[in-house]
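The values are calculated or read from the model by the stated rules, or taken from the named source; none is laboratory data. Keep in mind the model is a prediction, meaning the values are calculated, not measured. Counting neighbours? That spans all protein chains shown, and the Cβs are built from the backbone with ideal geometry, glycine included. Surface accessibility is based on the protein's heavy atoms, side chains included, excluding ligands, DNA and RNA. Shrake-Rupley method; radii C 1.70, N 1.55, O 1.52, S 1.80 Å.
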Amino acid sequence: MGGEDKNEGEKSGFEESGDERENQGSMKRVESESSLYDDDGEDAEGNKIELGPQCTLKEQFEKDKDDESLRKWKEQLLGNVDINNVGESLEPDVKILSLSIVSPGRSDIILPIPESGKPEGRWFTLKEGCHYNLKFSFQVSHNIVAGLKYTNNVWKTGVRVYNIKEMLGTFSPQLEPYTYLTPEETTPSGYFARGSYSAKSRFVDDDNKCYLEINYSFDIRKDWATAE
């Protein structure tokens, strides 16, 4: 939801370089290396991804059951799931239960999730140069969700300055919520980094099914907001 400076080979957010500081202080965007496909379900070469036919959880479990290694992998993935009680739905369902920003030495910033997907006003404030992680809590039901990922795009004054796709993984349905903590990031700092940003975050799977989309605004300031 913010950005960070990373060493070479690591995921980068928005960071200033010498050339860009000369170009009216614009910022560099480097896409996450974990990104295999874009938001339109295409691969890196622009080819449309053709996924196989969907099947129910019970059908998936019964397929290839003569393959010992595949059977063990499915059992490990499903865990204690009772496939007789998950129904016959082809479509998985993912409900995002909570979103929060975790920063060392501070209480977590709990982000309310509006039903409209558009928080009113500024959603949160980050301190420039701070280290932080994003924490998601979500529940999966009906069927296995494959390739669940979190995408985030950030704009400042109409220019996109940050773009990331974080692969969360493949999850089986269960009653207990899953919790995922993203790698640590660092917000940019300096005069050009401070100010207001607009952003769009999405949770999508390999079928490009979107489970949550949030359009919001946030600030980067010299210090944390006193109310947070």
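Couple of notes before you dig in:
- Cross-link table Lys127/Lys156; Lys127/Lys209; Lys135/Lys165; Lys95/Lys222, entries beyond 26 Å C-alpha to C-alpha: Lys127/Lys209; Lys95/Lys222
- Estimated FRET transfer efficiency when R0 is 22 angstrom, pair Ser198-Asp223 (beta carbons, to 0.05): 0.50
- Trypsin sites (Lys or Arg not before Pro) within the range 163-228, DSSP loop, no more than 10 other Cβ atoms inside 10 Å: Lys222
- Accessible-area value, Ser69, 1.4 Å probe, nucleic acids and ligands omitted, Å²: 80 Å²
- Amide H contacts for Asn143 (H built 1.01 Å from N in the peptide plane; partners 5 or more residues away or on another chain; cut-off under 5 Å): Asp93.
- Sequence-separation-based contact order of the range 177-226, relative, with Cα cut under 8 Å and 6+ spacing, percent: 34 percent
- Principal axis dimensions, the range 146-188 - Cα atoms, whole angstrom, descending: 42, 20, 14
- Heavy-atom accessible area for Thr125, with the other protein chains in place and a 1.4 Å probe, reaches approximately 0 Å².
- Here the range 103-186 has 52 percent of its accessible surface on carbon and sulfur atoms, given a 1.4 Å probe and all protein chains in place.
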